[in-house]
Amino acid sequence: MHHCLSKAELDWLIDNNWNPVEEEEYKILGEIISDCKSWDSELVCLSYFLSRALERKEKAGDDCQVILKRTFDVSSEMWLLIQQFDLKFIKYLLRHVRNQEESLEVDLIGIQQNLSEHIYE
């Protein structure tokens, strides 16, 4: 199973140092993290969302180097893919007609889900 983090989920995980707490709002995310730590599921973090989160943190005065180190370190603790915008992803975006009624976040998550399932059209 693949799960692509939304901006809100990524922000929440960064704020909690990638340690999900038992908050009702993020209970499902806690279960997903647990599956990824046992290597049963893949968690995807879009580099675009990560860069936006880092911009917000930097403006708030947070040390982004610590956040980046922790984010990349956590990939050795669980099945985490930090999705770069590689050539395949960019070509897909150029062929993809964006639904203007959906938010960019929802659209990017949908595209990532298709790519993770090797659906290129």
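All of the numbers you see were taken from the coordinates with simple rules; none came from a lab. For clarity, every value in this text was computed on a predicted model and none was experimentally measured. Neighbour counts run over all protein chains shown; Cβ positions are idealised from the backbone, glycine included.
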Quiz item: Nearest 20 debye, what's the magnitude of the dipole of the chain about its Cα centre given +1 on Lys and Arg Cβ and -1 on Asp and Glu Cβ?
Solution: 600 debye
Quiz prompt | Under-5 Å amide H pairs with Cys4, H placed in peptide plane, nonlocal only | solution = Val44
Practice problem: For the chain, find the longest principal axis of its Cα atoms and tell me its angle to the long axis of helix 47-59, 0 to 90°, nearest 10. | Solution: 50 degrees
Quiz prompt | Structure-derived Cα Rg over 2.2 N^0.38 Å - corresponding label in (1) 1.17; (2) 1.08; (3) 3.16 | solution = (2)
Exercise. Taking 7 Å along the Cα-to-C-beta vector as the label spot, tell me the Arg95-Asp63 distance in nanometres, rounded to one decimal.
Key: 4.5 nm
Quiz prompt | Degrees between helix 64-74 axis and first principal axis of the chain (Cα, 0 to 90, nearest 10) | solution = 80 degrees
Self-check item: Lysine pairs meeting the criterion (Cα under 19 Å, 8 or more apart or interchain), as found in the chain
Solution: 8
